[in-house]
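See structure below.
Nothing in this text is a laboratory measurement; each read-out follows from the coordinates by a stated rule. Keep in mind that this is a model prediction, so the values were computed, not measured. Reconstructed Cβ throughout: ideal geometry from the backbone, glycine too, with neighbour counts over all protein chains shown.
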Amino acid sequence: MSETWQEASSGARPAAGPRTESRVARAPEAPLRIVGRRLNGLSVLCGGMLVFCLLVVVGLVTADLFYLASRDLPPADIWRLFTGRAVMRAMKLSLLTSLGTLALVVVTAIPAGYALSRFRFPGRALANALVDVPIFLPPVVVGVSLLAFFGFGLGSSVKQALAGLGISLVSWIGIIMCQYVMTMSYGIRSIKAAFDAAPRDLEQVACTLGCSPWQAFWRVSLPLARPGVIAGCILVWARGIGVFGPLMVFVGTGPRVQVMPTMMWLELSVGNIGVSLAIAVIMLALAGTGLTVVHFLLGDRSLF
Amino acid sequence: MNALEVIDLTLRAGSFTVQDISLTVAEGEYFVLMGMTGCGKSLLLKAVCGLAQIARGRVRLRGRDITGLEARFRNIGYVPQDGGLFPHLDVLRNITFPLTVAGMKPVAARSAVEGIVASLGLEELLVRSVAYLSGGERQKVALARALARKPELLVLDEPVCALDEPTRRDTCRELRRVQEEFAVATVHVCHSRDEAALVSDRVGVMCEGRLLDTGTLQELATGSNHEAVQRLLNWN
């Protein structure tokens, strides 16, 4: 006769007396049921905090929709808020620049994250810390720093060279620069964590099976790190599309450089709350779609 | 000609040193390297495979000096302790991995490994994810993968240590049978006398970074003057 889970785990001998079928059948579920039946301080606190966090998210999302609905606008007007030319232009610019930023981050953060994860070199701890600096900087500081960088020396030369080619930094290029600086750290950090979780031993095994370091990277390490890399990409894209502070400082709010966050602020500042809310809803929808795609692609392997 | 010659090899890993190791493994021979945990067996194997830095000494494979050669050019089949299977590939893709890396088309690679797959009885497992394999099955798949590109030497790092006793015995017999079938010189690391008795032609015993003695299990058990060898082989 098999032991119940408590007896098996404690090593105690089965108790004397008749054992019912239901007791044996219930055994594997017993720990969960205990958690469900006996509320204690810890479970109440943790459960309560989870509910609070969910309410904050759900509350913010629904507040925008309810506020729009409470303004008693005809459906055609609400539709116009979402599909106005300026809103569409801002959305298009936001999507294109955030995708451009994502491409740039992927190209740079995958090798950088891999280097931080796998290589041991002098100054690695410093490099690891410096990578995180943009995360901790106030966003406006990034904008000011970009202004300063392109104001003298090498940066100024680059700016003048671009101007000679008819390319201004107050354009989609400047937007991508701001988004890149603001999101690069998130990309490197997520991708480094993904490579940390991929066993290094398997790369060595791959080398004994004929792989060059490049082949071991492409065929073993990168596929193993894929869930974390994709999650990092989504994070970078979501952060990039929401960048606001550095854009206000570095590229301003001209019509050609209005992305969704800057346009939302401009509309809000002139009292046009309807358009602001429409943009907020669009951004929430984009974020929700992005997260849904991640969950669909990765399931339980997703970091989100 | 010897399949493997290790000549005065010295290795360093932090403060630990494997010193002045010299050994030979003949063509078709099954050599078992024994020793207590932490004596440097696995480090020595990794150096032979090109995965650990060599401080001094030479390694020759069929007379060819491979001391400074990258692991990928050595043609040594390496099976680590847990099999080292790639979790993102199914069993067939794991086995054909070394062939597809070399540029072979998947269909041709599958044909090329049919003999190995049949010999190890893996036909039913080919489409399965490696996550759902038992310990014994994992080791068989790892062995098939190591044999796929016809290695000049097979190196097994404690291949059965994580298995239960009956599976361990079955897997050891299978290892020996396959080694004879493919006539490949083999170095097998373990710390079990019973395991060595099941598979070995010759045994080497290491202790604290040094190779103390080599010979058949019988010779070492009865004739070795080293206390550490006697302790390892004659416990009851």
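Per-structure values
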{"quantity": "Likely footprinting exposure, A:Tyr114, A:Tyr67, fewest C-beta neighbours within 10 Å first", "calculated": "A:Tyr67, A:Tyr114"}
{"quantity": "Computed E for A:Ile78/A:Val140 - FRET, C-beta separation, R0 22 angstrom, nearest 0.05", "calculated": "0.05"}
{"quantity": "Number of partner chain Cβ atoms within 10 Å, mean per residue of A:200-207", "calculated": "6"}
{"quantity": "Computed FRET value (nearest 0.05) for B:Arg58 with B:Glu208, which takes r as the C-beta separation and R₀ as 30 Å", "calculated": "0.85"}
{"quantity": "GNM flexibility winner over chain B from B:Ser224, B:Ser42, B:Ser200 (Cα, springs under 10 Å)", "calculated": "B:Ser224"}
{"quantity": "Per-residue HN-Hα couplings for region A:103-118 [Karplus 6.51, -1.76, 1.60; θ = phi - 60°; Hz; x = Gly/Pro]", "calculated": "4, 5, 5, 4, 4, 9, 6, 5, x, 5, x, 5, 4, 5, 7, 9"}
{"quantity": "Residue exposure sequence - B:Lys46, B:Lys41, A:Lys92 - by fewest surrounding Cβ within 10 Å", "calculated": "A:Lys92, B:Lys46, B:Lys41"}
{"quantity": "Bridge type composition, the protein assembly as shown - antiparallel percent by DSSP, nearest 5", "calculated": "55 percent"}
{"quantity": "Cβ crowding within 10 Å averaged over residues, with B:3-13, B:134-144 ranked highest first", "calculated": "B:134-144, B:3-13"}
{"quantity": "Charged-residue dipole, Cβ positions (Lys, Arg, Asp, Glu), the protein assembly as shown about Cα centre, Debye nearest 20", "calculated": "1460 debye"}
{"quantity": "Within a Gaussian network of chain B (alpha carbon springs, distance under 10 Å), most fluctuating of B:Pro106, B:Pro151, B:Pro166", "calculated": "B:Pro166"}
{"quantity": "Volume of the Cα convex hull of region B:88-150, divided per residue and given in Å³", "calculated": "73 Å³"}
{"quantity": "Inter-probe distance in nm under a simple model that places probes 7 Å from Cα toward Cβ, at B:Ile7 and B:Lys150", "calculated": "2.8 nm"}
{"quantity": "Shielding of B:70-80 by partner chains, average beta-carbon count, 10 Å", "calculated": "4"}
{"quantity": "Amide H within-cut-off set for B:Gly28, under 5 Å, with H built and near neighbours excluded", "calculated": "B:Ala185"}
{"quantity": "Three-way shape call for region A:75-301 based on the alpha-carbon gyration tensor, with the a/c threshold at 1.5", "calculated": "oblate"}
{"quantity": "Prolate/oblate/rounded label for region A:54-102 (Cα gyration tensor, a/c 1.5)", "calculated": "oblate"}
{"quantity": "Residues B:Asp65 and A:Lys92, FRET efficiency given R0 of 60 Å [Cβ-Cβ distance, rounded to 0.05]", "calculated": "0.45"}
{"quantity": "Residue-by-residue Karplus 3J(HN,Hα) for region B:142-150, coefficients 6.51, -1.76, 1.60, Hz, glycine and proline x", "calculated": "4, 5, 4, 5, 5, 7, 4, 9, 6"}
{"quantity": "Shielding of B:92-99 by partner chains, average beta-carbon count, 10 Å", "calculated": "2"}
{"quantity": "Derived scalar couplings ³J(HN,Hα) [region A:277-285; Karplus, 6.51 cos²θ - 1.76 cosθ + 1.60; whole Hz; x for Gly, Pro]", "calculated": "5, 4, 5, 4, 5, 4, 5, 5, 5"}
{"quantity": "Equivalent ellipsoid semi-axes - Cα gyration tensor, the protein assembly as shown, angstrom", "calculated": "58, 34, 22"}
{"quantity": "Prolate/oblate/rounded label for region A:27-150 (Cα gyration tensor, a/c 1.5)", "calculated": "oblate"}
{"quantity": "Fewest-first sequence of A:Asp72, A:Asp132, B:Asp213 by Cβ atoms within 10 Å of each Cβ", "calculated": "A:Asp72, A:Asp132, B:Asp213"}
{"quantity": "Whole-number percent relative contact order across chain B, with pairs defined as alpha carbons under 8 Å at least 6 apart", "calculated": "28 percent"}
{"quantity": "Size of charge dipole - region A:75-301 - debye, nearest 20, with Cβ of Lys, Arg +1 and Asp, Glu -1, no other charges", "calculated": "280 debye"}
